[in-house]
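Engineer: Right, I'll just put the structure down here and ask away after.
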Amino acid sequence: MMQQFVDSVLAVTKESVKTLTYESLNNIARLINGVSALLLVFIPGKSTILEGIHGWELRPTFCGPRFPRWMENGVSSFNRFVHELSVDSDTSSIEYSSGEEDNDGNISPPSPLSQSSRISRSSNFSKYDRSRTGWITSIFLWILLPAKFLLGIPFRLFQLSYNRWSRATIATESGHASKLRSFKKMQTLKDHIVQRTTDRRRGVIEDLHLAIEISIEAIFDIFHKVAHFLLSPSKAFRILVGWYSSSESVGKDNGDYVPTATLGDNDPSPTERRTSFHQTLNTDARTCQDVITELGYPYEAIHVITSDGYVILLERIPRRDSRKAVFLQHGVFDSSMGWVSNGIVGSPAFAAFDQGYDVFLGNFRGLVSREHVDKNISSRQYWRYSINELGMEDIPAMIEKIHQVKTSELMLSHPNLEEETGGDQPYKLCAICHSLGGAAILMYVVTQRIQEKPHRFSRLVLLSPAGFHHDSSLMFTLVERFFLLLAPLLRHLVPGFYIPTRFFRMLLNKLARDFHNYPAVGGLVQTLISYGAGGDSSNWVGVLGLPHYNMNDMPGVSFHVVLHLAQMKRARKFRMFDYGSASANMDMYGSPEPLDLGEYYGLIDIPVDLVAGRKDRVILPSMVRKHYQLMKDAGVDVSFNEFEYAHLDFTFSHREELLAYVMSRLLLVEPTPKQQKTIKLKKKGQAGQASS
């Protein structure tokens, strides 16, 4: 009787404490959200800045983020259909195809299968962190150390209690244990697929609530066991002996990890892996490879070494026998993930693949992994590069690798290829570049033509390309003057802009989720970031929550890249990096002034399509029009188009109009001479059949 009374008192007290802490945390979150909403009222121009954010409300919630109608459950309507069909139906795969034929007469191979058993492979990066970033980073980490320690305590308690519970459960399993494990594996498999597809990550507030609840459970569990020990010591002693013996047997047989299936039902050899405790953090750490393979597309990773020793990742969605290839290059603080982040129906990479292209996704140097042939390279040495190195080292290395791969593969599949092409390049290569990637690709083409080397491109499609920044906003003007004034000091103190540790990258990833769950807070952050970006209305908060801003890696940018952009703005010219003295420039360029690339636009011998955004406040339409005017005056085959987009809408938003335009530009590339001959023969044959 006394034991039941104590149990009842502890249970009621525990639930009361849980309710009190939950409501207190909820009210604090509502207060923060309300204060943010109040601040938004007094911020001018917020309506235009927030116009790209749909479906937000001022009511906070612990549930998942609110998406636009076409993004319910975190995916587009078409992707949701694919997901439901692949998970719930008995069929193992769905075949995707573009349903169209190429204009050059070739029939594109069908798009790949989306298999229900395909599980995201965790990234196999064995990345080492050599983050010797100076005393500024050390001070920053020491300031935030208490937050890291407090957040870590509840998770350690959860890990200890979970390990103890799992050992006791395994030791007391009876004859039905195998069926139970099988059911749990199937349930875990389905939950893993659903979680990967719907992206229900937890934010900091949700993690805090969960951690407090786990802590309360652990504390009251101690009180409960103490009370049982005092009221019935013999029974408690037998339980302790049973736990001790079971923990010994489990430790001998199973080790310290939980075996979980990582492959689907139709894989003949399921394997087991160690379940990392970081999975309890519930963050989205998918790589570009994970996104591509989850959707059923083929994938290939190619590691490219530049002439100055940087190891960069060239990713590929391969069509090995295709004579059409496209190279996509991202901008600043971005990676190849931007070209696949919208899923099957909204991503340029998948659209190009479905049109029969061999797709190559470039990555600039600057990831936090800092891969280099010199394993002992310092942080200051690694980040010492400007846009010059992006356009004259990274892109040449990737394009040459593409040329080697495509030539060798086509030679194997077409033994008489050299005779058919007459010694010409056996494939057509186009480029789609955004922002800084557009400036780098123009630098590459111009410098290759100056050196009389082949650039291997057939067409350039440049989305809001950088290069001219004379019409920048007041904020960018202040940043330019700040960097130019303090460059001699800052270049030694801040070699690069990035988040150096996994914990703080994880924290940023989770805060991005909170910004969605608490719309007024997210709106305030969106407004502040937009002001820093010159008033651009891109969904900056949404981009922070994308998978490539994760705890394992995150794009960074060199101080010299930012300084180079500031120099371009000051000079009002698209020119190469100024090394600060006439002698240094003379050694690099043969002249006391850096090379003005705009003066050499006449060397561009391929069509160029320039695209600007009317709502873009990072690179205004007038800056893109400057490229257009110089190219037109130089006799380049150039086109110019504008869309009602902000800066990030060119890659991260689902824009069917833009996607259709970009694909139509790619299809304008003329086929190879052999393909032209084949098309003419087919047309003659069709005409002869019609006349008969």
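The values are calculated or read from the model by the stated rules, or taken from the named source; none is laboratory data. Being a predicted model, the structure only gives us computed values, none of them experimental. Reconstructed Cβ throughout: ideal geometry from the backbone, glycine too, with neighbour counts over all protein chains shown.
Engineer: For the structure I just gave you, tell me whether ARG320 is crowded, with 20+ Cβ neighbours inside 10 Å and of a type in the set (Lys, Arg).
Structural biologist: no
Engineer: A follow-up question, please. Among the residues of region 446-468, what is the count of those that are touching a Phe, Trp or Tyr at 6+ places or on another chain (Cβ under 9 Å) and loosely packed, with under 15 Cβ neighbours inside 10 Å?
Structural biologist: Qualifying residue count, region 446-468: 1.
Engineer: Let me ask something additional. Within region 509-538, which residues are small (Gly, Ala, Ser) and either surrounded by fewer than 23 Cβ atoms within 10 Å (Cβ to Cβ) or closer than 19 Å to SER435 by Cβ (or both)?
Structural biologist: If the condition is that a residue be small (Gly, Ala, Ser) and either surrounded by fewer than 23 Cβ atoms within 10 Å (Cβ to Cβ) or closer than 19 Å to SER435 by Cβ (or both), then SER530, GLY532, ALA533, GLY534, GLY535, SER537, SER538 are the ones that fit.
Engineer: Another question, then. Report whether or not ARG491 is surrounded by fewer than 24 Cβ atoms within 10 Å (Cβ to Cβ), more than 21 Å from LYS573 (Cβ to Cβ) and touching a residue at least 40 places away in the same chain (Cβ under 8 Å).
Structural biologist: It is true that ARG491 is surrounded by fewer than 24 Cβ atoms within 10 Å (Cβ to Cβ), more than 21 Å from LYS573 (Cβ to Cβ) and touching a residue at least 40 places away in the same chain (Cβ under 8 Å).
Engineer: Report, ordered by the first and then the second residue, all pairs with beta carbons closer than 6 Å, sequence separation of six or more or different chains, a first member in region 288-300 that is within 20 Å of LYS406 (Cα to Cα), and a second member that is assigned to a helix (DSSP H, G or I).
Structural biologist: Pairs that qualify, where the first residue is within 20 Å of LYS406 (Cα to Cα) and the partner is assigned to a helix (DSSP H, G or I), are TYR299/GLN289; TYR299/ILE292; TYR299/THR293.
Engineer: Take TYR589 and decide whether it is surrounded by 15 or more Cβ atoms within 10 Å (Cβ to Cβ), at pLDDT below 95 and either over 28 Å from the mean Cα position of the chain (by Cα) or charged (D, E, K, R) (or both).
Structural biologist: yes
Engineer: Answer with yes or no whether GLU393 is on the phi < 0 side of the Ramachandran plot, at pLDDT below 95 and either part of a helix (DSSP H, G or I) or not aromatic (Phe, Trp, Tyr) (or both).
Structural biologist: No; evaluated as a whole, the condition is false for this residue.
Engineer: Further question on the same structure: Exactly one condition in (1) part of a helix (DSSP H, G or I); (2) at pLDDT below 50 is not met by PRO270; state its number.
Structural biologist: If we test PRO270 against (1) part of a helix (DSSP H, G or I); (2) at pLDDT below 50, just (1) comes out false.
Engineer: Counting only residues that are within 14 Å of MET398 (Cβ to Cβ) and either in contact with a Ser or Thr (Cβ under 6 Å, 6 or more places away or on another chain) or small (Gly, Ala, Ser) (or both), how many does region 298-338 have?
Structural biologist: Summing the residues that are within 14 Å of MET398 (Cβ to Cβ) and either in contact with a Ser or Thr (Cβ under 6 Å, 6 or more places away or on another chain) or small (Gly, Ala, Ser) (or both) in region 298-338 gives 6.
Engineer: Here's a follow-up. Those residues that are in a helix (DSSP H, G or I) and closer than 30 Å to TYR661 by Cα, I need them from region 570-613; list them, please.
Structural biologist: LEU597, GLY598, GLU599, TYR600, TYR601, GLY602, LEU603
Engineer: Only one of (1) buried (at least 18 other Cβ atoms within 10 Å of the Cβ); (2) touching a helix residue (DSSP H, G or I) at 6+ places or on another chain (Cβ under 7 Å) is not met by ASP471, so which one is it?
Structural biologist: Unmet condition: (1).
Engineer: Filter region 573-597 down to residues that are free of Cβ contacts under 8 Å to residues at least 40 places away in the same chain and closer than 17 Å to LEU436 by Cβ, then give me how many there are.
Structural biologist: Result for region 573-597: 1.
Engineer: Step by step: first the residues of region 627-663, then only those that are among the polar types (S, T, N, Q) and under 23 Å from LYS573 (Cα atoms), then the one that is surrounded by the fewest Cβ atoms within 10 Å (Cβ to Cβ). Which residue is that?
Structural biologist: That would be ASN641.
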